[in-house]
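Laboratory data are not the source of any read-out in this text; all were calculated from the coordinates shown. As the structure is a prediction and not an experimental result, all values here were calculated from the model. Reconstructed Cβ throughout: ideal geometry from the backbone, glycine too, with neighbour counts over all protein chains shown.
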């Protein structure tokens with residue numbers, strides 16, 4: 001655009017347009033100056049965010065990356081003196097560290113179980129909310145409450161609920177005549193973690209699914225009805241596919257959060273009994289802050305980051321445009 | 001679409017959902033009102049026969065509960081409440097302030113390519129336990145560990161991507177023409193954005209501020225590894241009621257939990273219609 | 001032959017209210033469509049024409065009245081069981097499916113066998129020129145292709161009645177003409193009964209055999225195209241159809257010895273007998289199409305007017321005339337046209353005038369019938 005103005009202005013000069021006419025058009029240097037000014041302004045807007053990101057995210061990440069190629073720990077002197085060990089940590093993690101591999105597998109299993117439950121329940125509730133009934137808006141707000149409670153509080157609340165003399169076991173005694181020691185068995189501890197996560201985050205799915213359903217265009221749904229589809233067929237063949245981008249966005253965002261799941265598990269089970277509920281974040285925390293294997297922990301974290309990036313990249317591929325908004 | 005009424009089965013499902021949603025909240029509120037004898041009674045006591053505020057009093061006056069024969073609390077929660085308010089408020093205001101300018105930049109002056117969101121999201125993908133490691137090292141070196149400034153800096157960094165993308169989605173909805181009109185009228189770009197764009201997304205700024213506040217107020221892991229004795233936040237304080245010598249102080253812990261979650265629930269209701277947008281980085285609008 | 005068949009579609013005193021009767025979208029609508037006929041429902045936006053379509057197809061329920069298809073009430077049948085197809089204005093094609101999947105949808109949900117579906121889809125795609133696009137995702141198609149998919153998707157289910165809601169309004173002008181030709185071809189090839197909603201009178205005039213004109217939820221007229229054009233039942237219809245619209249002259253009827261004459265200034269035209277009992281002199285309106293007015297030199301004509309403005313339109317020109325303060329539009333050959341300020345005599349084509357009651361604004365022919 002600035003160049004175009006400059007060229008037309010030059011042509012004007014060559015054709016001998018009177019100087020008085022030319023003054024109204026911006027001179028080439030003026031146009032360039034405006035463009036430069038605009039670019040400088042844009043950089044100014046981004047600068048504070050960039051500075052923060054660089055100093056508070058990029059630098060620590062680079063430090064962690066550098067550290068992951070050493071076997072440094074705080075007991076072994078300065079990080080600057082640590083020797084380069086190549087991919088030693090990474091090899092150790094992937095080949096020999098069964099606890100790491102198990103934690104990764106456990107986290108993935110947890111994601112699949114929790115996300116399926118949260119999606120199914122959240123979507124089911126959202127579909128019910130397409131109907132009209134009394135007290136709908138109050139119920140809507142109430143059902144969203146769990147996602148606003150801080151994770152630590154959620155952790156302690158469920159810890160109290162699942163005490164051996166807590167209310168859940170009281171109900172269980174009445175219904176089944178028996179009640180487990182929730183935190184003593186790997187299986188039951190798992191159930192507590194899953195129940196806690198599902199309680200905490202199903203409202204998010206409910207919210208996103210309801211927003212998604214309400215913003216679907218109505219006419220394709222009507223068209224399907226007119227073409228003879230039953231309500232069930234309309235839902236599975238038309239509504240659900242149209243909702244797919246929203247579902248994927250919700251799943252990706254929640255999957256990222258589960259990879260980072262720490263607070264609730266830390267409070268509920270600390271990964272126990274033994275390491276049976278140890279998630280990947282909890283394992284990295286223990287490596288770094290209990291065993292002080294900082295370099296090794298950093299390497300584990302980078303593996304997780306790479307895995308998550310790949311997962312998100314491929315999952316988001318079909319809906320990237322929507323996440324970006326309308327292309328300009 | 002023709003809207004249909006509820007069937008009895010669907011009404012029952014909603015009732016179950018309501019009970020399941022509210023039961024844990026009901027339980028923690030009831031526990032906060034229980035005297036120490038009821039905290040861990042077997043069988044569990046659902047509704048305290050003599051509700052008391054002693055747990056709330058104990059939060060700020062550790063000696064108060066001594067009347068019930070419970071000891072072992074040496075510190076009040078005042079410092080934690082102060083710490084949470086200070087870090088959350090400062091970090092939120094800085095994050096939203098910086099995020100506003102970054103959002104304008106992204107929405108108006110930058111061609112967003114397909115990797116930009118991934119780049120921004122990647123900051124959110126790294127397990128916080130791992131980012132915490134270099135932070136501990138760097139902050140120790142520059143004496144920022146165990147300080148509010150350090151914690152605030154981290155909170156700003158963590159929430160900035162959320163603030164930026166949420167605000168960008170609001171700025172995107174403002175037509176460029178109104179800003180351009182102001183610029184043609186002789187305002188500088190900066191003034192045009194501050195006096196025209198900002199008021200137009202007032203609601204969005206409010207929602208983003210509360211949303212970021214919820215995130216900061218809830219943060220646990222960084223506070224856990226970056227605080228020793230000088231600073232404290234509510235989530236850290238909550239954890240300390242477990243390790244006290246008298247076993248778990250359920251009632252006191254519940255009282256602090258209720259105090260901690262009440263403002264978040266209120267904030268959540270206030271920004272209800274923008275929650276989906278915030279949680280999905282602006283991908284799902286209303 | 002057709003008169004022995006029951007009408008394909010009959011609407012009987014159809015009424016639709018919203019908000020408990022506060023808004024009446026459609027009021028006392030009765031009309032019938034014969035098999036193989038194309039009816040255009042024409043009216044400004046908000047006149048109730050889309051609501052009417054939605055009731056016929058079954059996605060809205062009438063407050064009262066009945067809908068008969070082949071003489072049988074379909075009110076108790078839900079949408080999708082009425083053998084009525086509807087093509088939406090925005091096409092509402094399933095963008096997550098391929099063209100073939102879109103076309104197959106109606107048969108698939110009915111559980112039709114796969115080979116049968118494949119045959120029907122192939123046939124329809126061939127008819128609509130979509131064979132090359134069958135494997136494409138519908139989200140990649142352009143406007144006229146989407147339109148064809150929307151129509152094809154409906155035709156595959158062999159509906160007894162095809163409803164089109166503003167089918168051409170989202171297309172570019174050029175595509176519009178092509179689609180119009182295509183629709184006419186389909187109409188002839190399949191012999192479908194079509195109801196067609198539009199606010200574009202050219203579309204209505206060129207595609208339909210019958211036109212139903214609606215305004216404010218009421219049916220103003222439902223008649224063959226030429227009747228609607230020449231003998232509008234209501235001054236609203238007269239003003240809505242034709243560009244420029246029909247001229248309406250204000251005057252009076254004078255009845256002497258059983259013969260009536262319409263008088264407006266220097267205009268005197270024989271009005272049809274049978275004005276009915278009434279005062280010998282009463283107010284009335286006369287409608288005349290611009291092309292039913294012939295201009296002549298002043299001496300010969302019964303009425304004179306002044307040319308106020310001339311709008312050349314190629315072969316013809318539209319003249320705005322001032323006749324004793326009443327403005328009229330007339331067309332004249334562009335090459336043989338008076339100039340502005342000229343006085344001209346007006347000759348009205350007596351077979352092509354319509355008379356309206358001054359109070360009800362309805363055509364006198366309708367009133368006496």
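Placing a label point 7 Å from the Cα of residue A:191 along the Cα-to-Cβ direction, the residues of region A:270-300 whose backbone N falls under 19 Å of that point are A:270-274, A:276-278.
Hey, with R₀ at 51 Å, roughly what FRET efficiency would residue A:109 and residue B:149 work out to, going by the Cβ-Cβ distance, to 0.05?
E between residue A:109 and residue B:149, to the nearest 0.05, is 0.80.
For chain C, adding -39500 (n - 2.57) for each run of n ≥ 4 DSSP H residues and dividing by the number of residues yields -7000 deg cm²/dmol at 222 nm. Classified by the C-alpha gyration tensor, chain A has an oblate form. Its axis ratio a/c, with a ≥ b ≥ c, is 1.5 or above, and a/b does not exceed b/c.
Among B:57, A:62, sorting on how many other beta-carbon atoms sit within 10 Å of each Cβ, with the fewest leading, yields A:62, B:57. Assuming a ≥ b ≥ c are the square roots of the Cα gyration tensor eigenvalues, decide whether chain B counts as rounded (a/c under 1.5), prolate (otherwise, with a/b larger than b/c) or oblate. Because a/c hits 1.5 or more and a/b fails to exceed b/c, chain B counts as oblate. State log₁₀ I(q)/I(0) for chain C at q = 0.06, 0.07, 0.13, 0.15 Å⁻¹ as given by the Debye formula over alpha-carbon point scatterers of equal weight, solvent excluded. The Cα Debye sum returns log10 ratios of -0.30, -0.40, -1.06, -1.24.
Take every Cα pair under 8 Å whose residues are at least 6 apart in sequence, average their separation, divide by the length of region C:229-369, and the relative contact order is 27 percent. Kirkwood-type hydrodynamic radius, region A:48-134: 17.6 Å, calculated from all non-identical alpha-carbon pairs. Springs between Cα atoms under 10 Å define the GNM used for chain C, and in it the highest mean-square fluctuation of C:25, C:178, C:212 occurs at C:178. With the helix formula -39500 (n - 2.57) applied to DSSP H stretches of n ≥ 4, chain A reaches a computed 222 nm mean residue ellipticity of -22000 deg cm²/dmol. When B:232, C:366, A:91 are sorted by how many other C-beta atoms sit within 10 angstrom of their C-beta, beginning with the fewest, the order is A:91, C:366, B:232. Among C:87, C:57, C:267, which one moves the most in a GNM of chain C with springs linking Cα atoms closer than 10 Å? Checking each option, the largest mean-square fluctuation is seen for C:267. The relative contact order of chain B, computed from alpha carbon pairs under 8 Å that lie at least 6 residues apart in sequence, is 27 percent. The modelled label-to-label distance for the pair residue A:218/residue C:83, using points 7 Å beyond Cα in the direction of Cβ, is 2.9 nm. Against the empirical curve 2.2 N^0.38 Å, the C-alpha radius of gyration of the protein assembly as shown lands at a ratio of 1.27. The label point for residue A:244 and the one for residue B:206, both projected 7 Å from the Cα toward the Cβ, are 3.9 nm apart.
Over region A:174-305, what is the relative contact order in percent, taking alpha-carbon pairs closer than 8 angstrom and at least six residues apart? Contact order relative to length: 23 percent.
Suppose we keep just the DSSP beta bridges with both residues in the protein assembly as shown; what percent of those would be antiparallel, to 5? Rounded to the nearest five, the antiparallel share is 80 percent. Here the label points at residue C:343 and residue A:138, each 7 Å from Cα along the C-beta direction, are separated by 8.2 nm in the simple model.
Temperature 25 °C, viscosity 0.890 mPa s: under these conditions the Stokes-Einstein estimate for region A:99-153, based on its Kirkwood radius over C-alpha pairs, is 178 µm² per second.
Estimated purely from DSSP H runs of n ≥ 4, each contributing -39500 (n - 2.57), the mean residue ellipticity at 222 nm for chain B is -20000 deg cm²/dmol once divided by its residues. This ranking places B:228, C:196 by how few other beta-carbon atoms lie within 10 Å of each, fewest first, which gives B:228, C:196. Between C:244, C:44, C:312, the GNM of chain C built on Cα springs shorter than 10 angstrom shows C:312 fluctuating the most.
Computed on the Cα atoms alone, the convex hull of region A:115-273 gives a volume of 143 cubic angstrom per residue.
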